1. What number of residues within the range 33-54 satisfy the criterion of being at pLDDT 90 or above and assigned to a helix (DSSP H, G or I)?
2. Starting from the range 51-73, keep only residues that are under 18 Å from PHE34 (Cβ atoms), then list their pairs with residues that are loosely packed, with under 10 Cβ neighbours inside 10 Å whose Cβ atoms are within a distance under 6 Å, requiring at least 6 positions of separation or different chains.
3. Is the range 58-66 home to any residue that is modelled with pLDDT of 85 or more and out of contact with any helix residue (DSSP H, G or I) (no Cβ under 8 Å at 6 or more places or on another chain)?
4. What about THR30, is it at pLDDT below 90 and among the hydroxyl-bearing types (Ser, Thr, Tyr)?
5. Please verify whether LEU78 is at pLDDT 90 or above and out of contact with any Gly (no Cβ under 8 Å at 6 or more places or on another chain), treating the condition exactly as stated.
Amino acid sequence: MTKIDNKNFQKNLKKIKKSMSKNKNLTIRTKSGFYFLGFVGSVVYYISTATDFWMGVLGILKAFVWPAFLVFAALQNLAA
């Protein structure tokens, strides 16, 4: 490679890296939105099925880890 080609290559490489990092951040934000919707849905479910105040508090705590419950149930049903 000549010196000019090397400079163009480095410039294009920087552009590609910049665009890749932008797409990565977009993907992360999208997943966060889906997680938030799942969180809100699980809070509504757990609070609506709570029998007293402390079960409601426990439901809010469970809502933070609802994907773990989902994966556990899926794996349990797949293994059966």
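1. The first filter runs over the range 33-54 and keeps only residues at pLDDT 90 or above, leaving 40-54.
From the residues that got through so far, the ones that are assigned to a helix (DSSP H, G or I) too are 40-48, 53-54.
Final tally of qualifying residues: 11.
2. none
3. Of all residues in the range 58-66, those modelled with pLDDT of 85 or more come to 58-66.
The next check asks that each one be out of contact with any helix residue (DSSP H, G or I) (no Cβ under 8 Å at 6 or more places or on another chain); those that pass are 61, 65.
Scanning the range 58-66, I find at least one residue that is modelled with pLDDT of 85 or more and out of contact with any helix residue (DSSP H, G or I) (no Cβ under 8 Å at 6 or more places or on another chain), so the answer is yes.
4. Numbers: at pLDDT below 90: yes; among the hydroxyl-bearing types (Ser, Thr, Tyr): yes.
Judged against the criteria, THR30 is a match.
5. Values: at pLDDT 90 or above: yes; out of contact with any Gly (no Cβ under 8 Å at 6 or more places or on another chain): yes.
It is true that LEU78 is at pLDDT 90 or above and out of contact with any Gly (no Cβ under 8 Å at 6 or more places or on another chain).
The values are calculated or read from the model by the stated rules, or taken from the named source; none is laboratory data. If you're wondering where the values come from, they're calculated on a predicted model, not measured in any experiment. For neighbour counting, all protein chains shown are included, and Cβ atoms are generated from backbone atoms with ideal geometry for every residue, glycine included.
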